[in-house]
Amino acid sequence: MHIPSLKNEVSPEEWALRVDLAACYRLVAMYGMSDLIFTHISAKLPDSVSGDSPQFLINPYGLMFDEITASSLIRIDMAGNQITPSEFSVNRAGFVIHSTIHEARHDAACVLHTHSRAGVAVSAQKAGVLPISQQATLLMSSLCYHDYEGLAVHDDERARLKADMGSSNYMVLRNHGLLTVGKTVADAFLAMYFLESTCQIQISAQAGGELNMVSQTVLDGVETAMRLQQGQGRGSAGQLAWPALLRRLDRLNPGYDA
């Protein structure tokens, strides 16, 4: 399969975003969080590129995550119209979920959704994510839930999805999967990495006996420490880890930047 390069057809800003988003798709596959051709990761184009009409990039429906390239990504508007000519289409459920979050959260430059085994398993548990690991403590204060309403193809679900998301960065879609948002592609990926790790640890721990819960006092202390770090102007963990993740991808699955 040959997809012509768009590197010289789009602005440098759009190309850089395309490269990061394609890398994110391949990293999700590399870390075992993909679901064949299903689920989606989207990145909103900056206003300097899209103008007055918000637009975002999303995967072509039919490609595996580990074969996504920067040029294969499809640019669509908030009505679902394809801006990028492509032999592929965009999955309706992916459009509904991602356009809803991008519209509601102007700070969500990237929206990442998975159907991983551990994520779906925890999403099926009444108690949801349990505070039993350090990974869990990092996200509990920004975690929300959305009840399952069937395949996300109906517009009337949008209002409830927006209300449940609020200002959170981590969402458990009950009986469905996981969702994270970030100010950058790197931030959304690292958020999902921690949420997925939290779910894997929880499923493993539940098979081993009585669980030890982290106290609310400790949870509050972790939240305070995280706010303090952010206030000191340190770069986000996602931005710190991203160059190393790209180096690993270059070694194991290069070609995402084509």
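The values are calculated or read from the model by the stated rules, or taken from the named source; none is laboratory data. Note that this is a predicted model, so its numbers are computed, not measured. When we count neighbours, we look across all protein chains shown, and the Cβ atoms used for this are built from the backbone with ideal geometry, even at glycine.
Remarks
Listed here are the residues, each with its yes/no results for (1) at pLDDT 95 or above; (2) part of a helix (DSSP H, G or I); (3) not polar (S, T, N, Q).
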| residue | (1), (2), (3) |
| --- | --- |
| Pro85 | no, no, yes |
| His106 | no, no, yes |
| Lys126 | yes, no, yes |
| Leu151 | no, no, yes |
| Ser168 | yes, no, no |
| Thr180 | yes, no, no |
| Phe189 | yes, yes, yes |
| Leu195 | yes, yes, yes |
| Ile203 | yes, yes, yes |
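- Of the set (1) outside any strand (DSSP E or B); (2) in contact with a His (Cβ under 6 Å, 6 or more places away or on another chain); (3) among the polar types (S, T, N, Q), all apply to Ser42 but (1).
- Scan of region 79-100 for residues that are buried (at least 16 other Cβ atoms within 10 Å of the Cβ) and touching a helix residue (DSSP H, G or I) at 6+ places or on another chain (Cβ under 6 Å), ordered by number: Thr100
- The one condition in (1) more than 20 Å from Ile76 (Cβ to Cβ); (2) of a type in the set (A, V, I, L, M, F, W, C); (3) crowded, with 23+ Cβ neighbours inside 10 Å that Ile41 fails to fulfil: (1)
- Leading residue by the ranking (farthest from the chain's Cα centre (by Cα)) among those in region 128-142 that are in a helix (DSSP H, G or I), crowded, with 17+ Cβ neighbours inside 10 Å and not small (Gly, Ala, Ser): Thr137
- Among the residues listed as Ala43, Ala108, the single one being within 25 Å of Asp250 (Cα to Cα) and within 16 Å of the chain's Cα centre (by Cα): Ala43
- Within region 46-74, the set of residues being more than 17 Å from the chain's Cα centre (by Cα), part of a helix (DSSP H, G or I) and at pLDDT 95 or above comprises just one member, Glu67.
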